[in-house]
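Okay, structure first, notes after.
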Amino acid sequence: MIGFIGVGVMGEPICRHLAQKSGKEVIVYDVTAEPLERLKAHGVKSAASVREIAEQCEAVFLSLPGAKEVKEVCVGQASLLTHMKPATYVIDLSTTPLAVARDIAARFQAKGVNFIDAPVARTRVAAEEGRLLVMVGCTENVFARVKPLLEHFATDVERCGVVGAGQAMKIINNMVLFQNVAALAEALAVIRKLGLDPEKAFDILSKGSADSFALRNHGMKAMVPNRFPERAFSVEYALKDTAYALELSKMTRIELSGVKHAQALLEKAAAAGHTAEYFPVIAKMI
């Protein structure tokens, strides 16, 4: 049986893919009722507690907002650590600091439980379509066992190294993304001030050396049309991840000035009341 904890914007479609494709029974726990009701139509059963999932499942997926929630579910009171059986698997799809992933993994290892950090990248649409990128931190032997499960909702599953390497790569991925979006925000402001057509300008950029995933997705689909919905990758979540990136800055003793610039724009957006909106809303801050 597969357990799943946290069925929010990304977790719900991932859980649905597992239920539809894995051939295994899936049981889910979340504090919000609506996604649980939707998942019922796909044969997913609801659990009453984290403990219930821990005691019944050989593999448990986590898709949680951040380090606080992951620590509570993994090592807090009535946690997975307390109730998981040896030789089982905890697969964390959330984004957390590298140090947190390593600490939790060591605690599980002491009990004979395999902890895998496997944060996901790409958009909510990619999650719906099963086209995510998963960056995995674990041994080669464990990777061989969990990769088939990950391939039910991802087209690219990459082992990045030992435990923690997946989180490191996810944070670096987002670090680069935020800086790209900040650059696009500045470009868009100049484009508009000069009276150029933003849609045409971004189309031209996509055909040259300025092309990027951020341009085609965050730029063309959100920034140009001024479309910044909630229940997407919010300013709040982006600020969390810039903080994680700055932890890497301290760890490596490397000055990350580009991340600090992106973080400053995100902080301005939050102060202006855009905390819950899709983070490319930083375009409004320039």
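Computed from the coordinates by the stated procedures, all read-outs in this text should not be read as laboratory data. Predicted model only: the values in this text are computed from it and were never measured. Positions of Cβ are generated from backbone atoms using ideal geometry, with glycine treated the same way; all protein chains shown enter the neighbour counts.
Of note:
- Centre separation in Å (Cα based) which lies between segment 219-283 and segment 19-74: 28 Å
- Net charge contributed by nearby residues that have their C-beta within less than 12 Å of H274 (K/R +1, D/E -1): -2
- Taking the Cα centre of the chain as origin and assigning +1 to Lys and Arg Cβ atoms and -1 to Asp and Glu Cβ atoms, the resulting dipole is close to 200 debye.
- Note on the chain: GNM, Cα springs under 10 Å; of F153, F115, F228, the largest mean-square fluctuation is that of F228.
- Compactness of segment 1-145, expressed as Rg and Dmax over alpha-carbon positions, Å: 14.0, 38
- Choice from V146, V113, V190 with maximal GNM fluctuation in the chain (Cα, 10 Å cutoff): V190
- Taking only the C-alpha atoms of segment 195-286, Rg followed by Dmax gives 14.5, 44 Å.
- Kirkwood-based shape ratio for segment 82-200, expressed as Rg/Rh from alpha carbons: 1.15
- Label zone of S49 (point 7 Å out along Cα→Cβ, amide N under 20 Å): in segment 85-114 this covers 85-86.
- Within the chain, percent of DSSP bridges classed antiparallel, to nearest 5: 15 percent
- Based on alpha-carbon atoms, the Kirkwood radius and the radius of gyration of segment 129-286 give Rg/Rh equal to 1.02.
- Against the empirical curve 2.2 N^0.38 Å, the C-alpha radius of gyration of the chain lands at a ratio of 1.04.
- Max mean-square fluctuation residue, GNM over the chain, Cα-Cα springs under 10 Å, options D92, D197, D30: D197
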